[in-house]
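J.: First the structure, then my questions, so here it is.
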Amino acid sequence: MKNFSLRDQMCSMKTRLFIVFALLATLALLPGPALAGAFSLDSTATPDQSATAANMLRDASAVQTDSASKARALEAYGQSPLSFIPNQGQVDERVGYYVQSGGQSLWFTADGVTMDLPETTLHLEFLDANPLARLEGGDKLPGVVNYFIGNDPTKWRTNIPTYGRLTYHDLWPSVDLIYEGRPGALKSTFTLAPGTDPAQIRLAYPNADSLVVDEQGNLIISAAGEKVRESAPQAWQEIRGQRVPVAVTYQVVVQSYSFALPEGYDPAYPLVIDPELTYSTFLGGSGTEYWSGAIAVDGTGSAYVTGCTYSPDFPTTPGAFDTSFNSRHSNFSDAFVVKLNAAGTGLAYATFLGGYYWDYGDGIAVNGAGSAYVTGGTGSADFPITAGAFDTSHNGDGDAFVVKVNADGAGLAYATFLGGSDSDGGSAIVVDGTDSAYVTGLTESPDFPITAGAFDTSLDGYEDAFVVKLNASGTGLAYATFLAACRRDFFPCNSNLW
C-alpha cells in the first residue's frame, strides 16, 4: 500500500465536525478514565500478555463519549472570547488590531473593519470619522503571540499581548466605539458623552449588495451570497443610578446606516447604543475538520482532543505552538491539538501540528502535569521534529509520529518520527506515571524500528500492528514489537486498531 492510503483511511473515515452554534447546549462532560499508568509492558512479555497489553492500549485510546459530551466539547469553541491582537509590524501597517477566529479574520483599521468571510470580504466603514482616533486594547488576556517570520531575527515579533476588548477613542467627537465578543459575533458599544449628537455616528458597507431592516429590527447585510446580521440595537442612559431605556432603531440610506432615536433622550446624561454583529453561524475553519474520536481528560477536568483539519483558518489560539496552516496542498490536512478548559467555556489552547504535506492526529493522552501526548501519521518531511528526538528523519511514504505538547500548548517537549520505508501510522497512545509513552498503530514497513529481543521482530503480513514504548524524554525506545498479522487480502483488520 503506497503513498497516503493509511492516512486516507485513518483521517477521512473519522467523524466530520460541523460546529453549529444553534445546535449546541451547555452539557456536562462525561468523566474519562485515568490514562496515566494504565498498564506496563516489557520485552519479556508472553504472547498472551502482549495481546492483553495491546487490547488495553486500544481500549484506553477509545474513550467513548456520548453525544452530550461531544456537544459540550464543541460548544467550548463558541464560548471563548475574541482575542484582539495588536499589530507590532507582523501584518499590514494599515491594521491596528486584528482577530482570527472561527474561520474568519477581522482587521481593524483607522477608518473601519474588514471582515474576511468564507465566501467574500465585507468592509465596514466609519463615515466622516476621526482618522486619528486612538485604538487601545483592554481586558488583557493570558495568551501571547509570537511571529518568527523568515530567518532574520530583526523581523521576528515575540510576546505580543492579546486583549478581550478594543476601544476606538473619540472616533467621532465625544464618541467612543468599543468592540468585544465571541467567535462569530462582534459586539459594538457606542458611548456618547453628555450633549453629544448621535446623528454624527454613520457607518456603511460599501461593497454590500443590500442593507435591509427586518421585522424584528435587525439589520441584514447581504454580500456575494452571504448574510451577516446586526442585531436590533438597544440604548440606555444611567440617570441617578437607574438604567433608563431609550428607543432606538436603524436608519438605512442605500449602503449606509445610522441610529434614530424617535422618542428622544436626555442630553444631560451619557448615552449608550449597543448592537451586535453576527458574522458567522458556523465555528471551525472554512474547510473540513475530522475528530479522531480520541479524548483524554486530566485531573482538573480539562479535555484534550486531536484530529485533522483542511482549513487554513482553523481557529487556533494566540500564543499556541503553531497558529499557521502548513500544508501546501489543498487536498491535504494538518493535525490539530485542542485543550478545552475544565468549565467547558473556552479553549485553553488550540494549535496546528504538521508540515507541508499531509498530517493527522489519531490518539491522545495526558500526564499528571497536563502535557498532552499525541500520535498519528504524517507524510511531511518537515514535520516539526525536535532536536535529539528518537528519529529526526522522515522514513517512507508516511510515518507515525509521537509528540509531547507542553502543558501551556506553546511548544513541544519532544516530537519524533516512528516508522520504516513504507507506510506507518499511530492510532492510540497512553502514558504511565514515569511519563513513558505507549503507542500502537499499523505498519507496512518490514524495517520498522523493532528492538532486539522484542516479542515479534518480523513483519508477519501485508500489514501488522505495532506496540512501542518510548522513553520519557522521547529520545529512545524501551522496546518496539510487531504484533499479529493483519492481511486485508485474507481477513479484515481489527477496526479497533484504527
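Just so you know, all these numbers are worked out from the coordinates, no wet-lab data involved. Keep in mind it's a predicted model, so treat the numbers as computed, not measured. When we count neighbours, we look across all protein chains shown, and the Cβ atoms used for this are built from the backbone with ideal geometry, even at glycine.
J.: Multiply the residue separation of Glu263 and Ser421 by 0.36 nm, subtract the distance between their alpha-carbon atoms, and state the gained length in nm to one decimal.
T.: On the way: separation 158, 0.36 × 158 = 56.88 nm, distance 7.68 nm.
Taking Glu263 through Ser421 to full extension adds about 49.2 nm, to one decimal.
J.: Here is a follow-up. If I take R0 = 22 Å and measure r between the Cβ atoms of Ala381 and His329 in this structure, what FRET efficiency does the formula 1/(1 + (r/R0)^6) give, to the nearest 0.05? Kindly include the intermediate steps, with their values, before the conclusion.
T.: Numbers: r = 14 Å, r/R0 = 0.62.
Computed FRET efficiency for Ala381 and His329 comes out at 0.95.
J.: Extending each Cα 7 Å along its Cβ direction at Lys140 and Thr121, get the distance between those two points in nm, one decimal.
T.: Rounded to a tenth, the inter-label distance reads 3.3 nm.
J.: Quick check on my link table: of Lys187/Lys227; Lys140/Lys227; Lys155/Lys339; Lys155/Lys187; Lys140/Lys339, which ones sit more than 28 Å apart, alpha carbon to alpha carbon?
T.: Numbers: Lys187/Lys227 17 Å; Lys140/Lys227 31 Å; Lys155/Lys339 30 Å; Lys155/Lys187 33 Å; Lys140/Lys339 21 Å.
Check vs 28 Å cut-off fails for Lys140/Lys227; Lys155/Lys339; Lys155/Lys187.
J.: Using R₀ = 30 Å, calculate the FRET efficiency as 1/(1 + (r/R₀)^6) where r is the Cβ-Cβ separation of Ala342 and Lys155; round to 0.05. Intermediate values should be presented prior to the final figure.
T.: Numbers: r = 38 Å, r/R0 = 1.27.
Between Ala342 and Lys155 the formula returns 0.20.
J.: For the ranges 460-466, 93-99, 259-265, what's the packing order if you count other beta-carbon atoms within 10 Å of each residue, average per peptide, and put the highest first? Working shown, then result.
T.: Details: 460-466: 20.9, 93-99: 18.0, 259-265: 13.6.
Descending packing order for the listed peptides: 460-466, 93-99, 259-265.
J.: Collect residues whose amide H, placed 1.01 Å from N in the peptide plane, falls under 5 Å from the amide H of Ala428; neighbours closer than 5 in sequence don't count.
T.: Amide H neighbours of Ala428: Thr440.
J.: Measure off 7 Å from each Cα along the Cα-to-Cβ vector at His169 and Asp447, then give the distance between these two points in nanometres to one decimal.
T.: 6.5
J.: With both bridge residues required to lie in the range 344-491, what share of the DSSP beta bridges run antiparallel, to the nearest 5%?
T.: On the way: 41 of 42 bridges.
So the antiparallel bridges amount to about 100 percent of the total.
J.: Calculated FRET efficiency, Tyr356 and Val212, Cβ-Cβ r, R0 35 Å, to nearest 0.05?
T.: Details: r = 45 Å, r/R0 = 1.28.
It comes out at approximately 0.20.
J.: Order 471-481, 401-411 from most to least packed using the mean count of other Cβ atoms within 10 Å. Could the numbers behind the result be given before it?
T.: On the way: 471-481: 18.0, 401-411: 22.4.
Peptide ranking by packing, descending: 401-411, 471-481.
J.: Which value, in debye to the nearest 20, gives the size of the charge dipole of the range 128-223 about its Cα centre, when Lys and Arg are +1 and Asp and Glu are -1 at the Cβ?
T.: On the way: 8 positive and 11 negative charges, 99 e Å.
I would put it at about 480 debye.
J.: Give me the distance in nm between label points sitting 7 Å out from Cα along the Cα-to-Cβ direction at Ser105 and Val244, one decimal.
T.: 4.6
J.: When a/c reaches 1.5 or more, the comparison of a/b and b/c decides; with that in mind, is the range 435-474 rounded, prolate or oblate per its Cα gyration tensor? Spell out each step's value before the answer.
T.: Working: a/c = 2.57, a/b = 1.79, b/c = 1.43.
In terms of gyration-tensor shape, prolate.
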